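To start, the structure itself, in structure tokens.
The values are calculated or read from the model by the stated rules, or taken from the named source; none is laboratory data. Because the structure is a prediction, the values reported are computed rather than measured. Neighbour counts are summed over all protein chains in view; Cβ atoms, including those assigned to glycine, are modelled from backbone coordinates with ideal geometry.
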């Protein structure tokens, strides 16, 4: 009887696998972390430099009045295309015309006096000194006459360059003051964007390389251009050098637009790449988490070119090896993982989960 009672007590106390606190005695181990992975694969990738800049016109000129007077006629308005040398404004020329007439008369008078003095000098009736004085007076009068004609030409204001009238600050009947800007002409036949590239790119960005441009004002449109010139000097203060990109103007692109520029300087057709989201952002050397035997392993890698959402791997990873693209923030070296999906691009798992969640909803309908 005693032996039977002891056996029953032992079964009641420890037969259910729990300790005195009612907790499971068996060690189930750490809980697995759910992750998404993508395999390292091969594809074409382009090395590029990206920057932003404002578009500028190739040429720009302020039209300045070189004389004073009333503007009698204005021949150009804002938005109108003009050619170099085209008449833009005609200023009252009455005063300048009278000055030309006066200088013409003075020149004719001195020419006659000089001719008469030459005849008298041949007869020894005029000294050489008097003849020289008349010659100098005639030359001075001719110079004054050329100056008067130049002032008269200033009453016709002409375009210094070809382009589009961007501003006009004068109307017919207005008083024009000398050296006052009255119009602004912009040559938009070619537009330029100046990038301040870091000095590490000085060996990669070269004149003639293709450039792609997009502007916020024209979403969905891409414009092609070229690097027109590269400064060979690095600014000591900022550590940058100037790269000037040129684009065809006269169309949708306009000066002043904010541009986003991409310069592709290297193209590789069969590069080993992984999604950019797989990179660990902990401030240390480039690394990823790979999955081996259901455990996370931190793997240092050597990076190459970065192209959008893809990054080239030059070493440390083999083709086909999985890398964690989602859930990596909860991982540590040796963490037990559970791969919930596997794809070639980041976000593929989210799309598949959305499809799974949508299926019951359709069935319910």
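Given (1) at pLDDT 95 or above; (2) part of a helix (DSSP H, G or I); (3) within 30 Å of residue 185 (Cα to Cα), where does residue 90 come up short, assuming only one miss? Answer for residue 90: the failing condition is (2).
One line per residue, one yes/no per condition, for (1) within 58 Å of the chain's Cα centre (by Cα); (2) surrounded by 14 or more Cβ atoms within 10 Å (Cβ to Cβ); (3) closer than 30 Å to residue 177 by Cβ; (4) in contact (Cβ under 8 Å) with a residue 40 or more places away in the chain:
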| residue | (1), (2), (3), (4) |
| --- | --- |
| 96 | yes, yes, yes, yes |
| 119 | no, no, no, no |
| 123 | no, no, no, no |
| 139 | yes, no, no, no |
| 143 | yes, no, yes, no |
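Among strands (runs of 3 or more DSSP E) entirely within region 186-280, having at least 1 residues that are under 30 Å from residue 39 (Cα atoms) singles out 258-275.
Being in the same structural domain as residue 255 (by TED's automatic domain parsing) and part of a strand (DSSP E or B) is true of residue 62.
Looking at 83, 44, just one residue is touching a residue at least 60 places away in the same chain (Cβ under 8 Å) and within 28 Å of residue 307 (Cα to Cα), and that residue is 44. The set of residues in region 281-328 being assigned to a strand (DSSP E or B), surrounded by fewer than 18 Cβ atoms within 10 Å (Cβ to Cβ) and in contact with a helix residue (DSSP H, G or I) (Cβ under 9 Å, 6 or more places away or on another chain) consists of 306 alone.
Yes/no matrix, rows are residues, columns are (1) under 24 Å from residue 260 (Cα atoms); (2) without any contact (Cβ under 8 Å) to a residue 40 or more places away in the chain; (3) surrounded by 18 or more Cβ atoms within 10 Å (Cβ to Cβ); (4) not assigned by TED's automatic domain parsing to the domain that holds residue 259:
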site	(1), (2), (3), (4)
146	no, yes, no, yes
158	no, no, no, yes
164	no, no, yes, yes
233	yes, yes, no, no
237	no, yes, no, no
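Return a yes/no flag: does region 338-355 have any residue that is in a loop (DSSP other than H, G, I, E, B), under 30 Å from residue 263 (Cα atoms), modelled with pLDDT of 80 or more and in contact with a strand residue (DSSP E or B) (Cβ under 8 Å, 6 or more places away or on another chain). No, the conditions are met nowhere in region 338-355. For residue 46, indicate whether it is touching a strand residue (DSSP E or B) at 6+ places or on another chain (Cβ under 8 Å), in a strand (DSSP E or B) and at pLDDT below 85. Spelling it out, residue 46 is indeed touching a strand residue (DSSP E or B) at 6+ places or on another chain (Cβ under 8 Å), in a strand (DSSP E or B) and at pLDDT below 85.
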